[in-house]
Every structure is written in C-alpha cells, then in structure tokens.
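We did not get these values from a lab; they are worked out from the coordinates using the rules stated. Since the structure is predicted, the reported quantities are computational estimates derived from the model, not experimental observations. All Cβ positions, glycine included, derive from the backbone under ideal geometry; neighbour counts span all protein chains shown.
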Amino acid sequence: MELTRRPYPAFFSYVGYIIFSIFLAAAILEIGSAVVRHAYHWIHPGIAQGPASPAYQGYPWAQEFWKEEYLRRGTAYKDRYVPFLIWGGKPWHSEYINVDESFMGNLRRTANPLNPACNQTPRKLIWMFGGSTVFGLGVPDTETIPSNLSRQLNSAGSFCFVIVNAGVEGYVTNQELLLLVEALKTGQRPDMVIFYDGVNEGEAATSAGIQVPHLEFERVKARIEGSLPSKLDFVQSSNSLGLARAIAGRFTRSDSYAVPPAELVARASAALDNYEANLRVVRSLGKAYNFKVFCFWQPSLAFDGKPLAPFEQQLQRHILDSKSFKILRAVDEEAARRSLRDGDFVFLGQVFDSVKEPLYIDQYMHLGPRGNQIVAGAMANWVGSHAAN
C-alpha cells in the first residue's frame, strides 16, 4: 500500500527559506548602510572634535594621550554596574590615564604636589564630585580640574591640601550625593567637599519628563522592567537605523526642534529645584560630619559670553538649533539667577568671558588643559579665601 506523502517537510523548508532570506537581507542592509555612512562621513567629515581641537596646541602629549583615551573608552566606558549608583568606572592604568581602586570605588588619580608646609601642617582632605569634566575626559591625570586645583592651592598659603577626584562620567548630583553618603558610611571623613556640576543637570532636563534622576534614564528603566524595546535596543545603534535617522533628519524642519517657552521655564526650574535640594542635603551632611561644602556651576557653550574661537563657533553652530541646547541654555540662565538670589553655589558661567583662546574640545562642553586651569584658578581663589572661615 503506497503511503500518502506528507506536506510538512516542504512547509518547514519554505519557512526556513523565508527566515534565512530575512536575516540575509538584514545583513546586506546593515553592511550597505555601514558603507554608505562611512563614505558620507569620509566625504563630509563634519566637525573634527576631541584631539582635533586647537585647545591642544602646544601640548606634546596630546597625540599619545588620545591613543590611550580611545583604548580606555573601548574597554571601560560606563560599563561597570555599581549598587545604587547604576554605573561607575573600571580600573585603568596607562601613562596618562589612571583609574585606581579605592574605598569610594574606581577613581581617577589626582596629581597632588608636595607642599613644604605639609611637613608642619596637617593635611586638609578634599573630596571633589562631578561628572566627566571633573573626571577629566580629554586630559591626562596631571591636567584634570582636581589636579590643577591641588597644584594651585598648594602653591600658595600655609595650608596643605590633598584632593580625591570622585568625578564619574555621566553623573548628576543625585548620584554624586549617593556616592558621598556611601563614602561617609565607610568611616572616612573629608575636611571639605566640592561639587562641580551644570551640563549634566541640563542634559537630564532634556529627557522625557520634566526632570529625570540620571542620564540614560529611559534605557536603564526599560532594561530593569524587561520591556520589549529594551530587548531590541541594540537596533538603536545599528547602521541601518542610523542611516534612516540621518535621512529623516535631512527632511526635518528646524522649527520642529522648537520648545515652547513655558516648557523651557518648567524644565529649567525643575532642574535647579532638584540641584539645590541635593545641595541642601550635602550641607546638612557637612554639619553632621564636620566638613565644609563648596559648590560650583560650570561654564558652557550654551551660556557664557566667551569670545569664541573659530573652532568653538563651529561647535556651537552644530548644536545651536537642537532641543537639548535650548534647554541647557535655559537651565544655565536659571542657574545664574539663583546663584545671585540664593547664594547656594558659585556660578562660573562667565569665567571665560575675557579668554579668546580656544578652550572647549567638543560639543559636550569638555575642556582642554588651559580651560581646566582657569576653572581651577577660580575655585582656588574661592576655596582659599573661605578655607579658614
């Protein structure tokens, strides 16, 4: 008796063929998109940032430093889970960049010069908190803001200062406050605490909602909640989607980035409310644990009256019409007003107003070595005049 041939093998072969074709088409699309994007960027390189900034002219270490920086970013950039704080740095050691393990986590090394007065004078310990500008993205260990501040404080006066660089890339004051609390719980005690913030507070105000607790909030929240978009978030970084966004952007009207004035006011107000609330908690901790608190708001391309060098003008034009730039400008303006009104922090948004030379190295407001020196000088003047009070 002849058996009837069952159709199932043919059906599964068709399904397999369709699945294979889909994956093959996706691979071809991804490779093709990568080729198109690289070709476009080769023909239209856009703004050369980072190592191309003229802020590095006259610094012979710049080329070798950036080789190390690219290696560090490829292996250690915001890739370590830290309880409560979400992420932190990884240990890293090279000639110009060193991130050491410590009681406070993995922290960038500070160059603390020896002061002859330290032989007779007790050392004053300073913990300095902030985001990537405090960490020192774009400069060697010796040229970070904490290293410059230590050098300037220890070169004048009779005090001896040792500064711990507790800056972590991407941190806002919410995370910095938690890092301070966790450090105090270890039993360690600083004599002074310095907070240096601004740009990341403004960036947090550009996310969904009026004010979010940290950068990349939506992505981290989706990962924790296990939503479907979080399982596919690798697609966001694909060349295919990147090309699609670039094409769509060519047809997007500039006024689509317009932000209603009421929304700008609300976001700026919420950002400063959150920032000042964190500072009040820090000052309460200072009274409880007997340390002084100094808080500074950083300069940015969105606010300051610096005479911009041609490179800095390019950076500003590149982001001038973006929603995030407009919100950051509103946040900076609100910070300038509240600094005068409340006196909770020192506004450094105008510290570069008379500096014509290029200081910024990228559109994220990171500074080259000279910019860090000027900021540290302003801090040193303030801290030095208030240290004995």
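Relative to the compact globular guide of 2.2 N^0.38 Å, what is the alpha carbon radius of gyration of region 272-389, as a ratio? All intermediate terms of the calculation are to be shown ahead of the outcome.
Values: Rg = 15.7 Å, N = 118, 2.2 N^0.38 = 13.5 Å.
This ratio for region 272-389 stands at 1.16.
The string of couplings for region 19-24 from the Karplus curve (6.51, -1.76, 1.60, θ = phi - 60°) is 4, 4, 5, 5, 5, 5 Hz, one whole number per residue in order, with x for Gly and Pro. By the rule of a C-alpha distance below 29 Å, with chain neighbours fewer than 8 residues away ignored, the lysines paired with Lys124 are Lys90, Lys185, Lys287, Lys292. Each of the peptides 261-268, 357-364 was scored by the mean count of other Cβ atoms within 10 Å over its residues; in descending order, highest first, they stand as 357-364, 261-268. Shown in residue order for region 142-156 are the 3J(HN,Hα) couplings computed by the Karplus curve 6.51 cos²θ - 1.76 cosθ + 1.60 at θ = phi - 60°: 6, 10, 6, 4, x, 5, 5, 5, 4, 4, 6, 5, 7, 8, 9 Hz (x for Gly and Pro).
Using the Cα coordinates of region 90-199, the gyration tensor eigenvalues translate into equivalent-ellipsoid semi-axes of 22, 17, 13 Å, sorted from longest to shortest.
Peptides 341-351, 122-132: what's the order by average Cβ count within 10 Å, highest mean first?
Working: 341-351: 16.4, 122-132: 21.6.
In descending order of packing, they fall as 122-132, 341-351.
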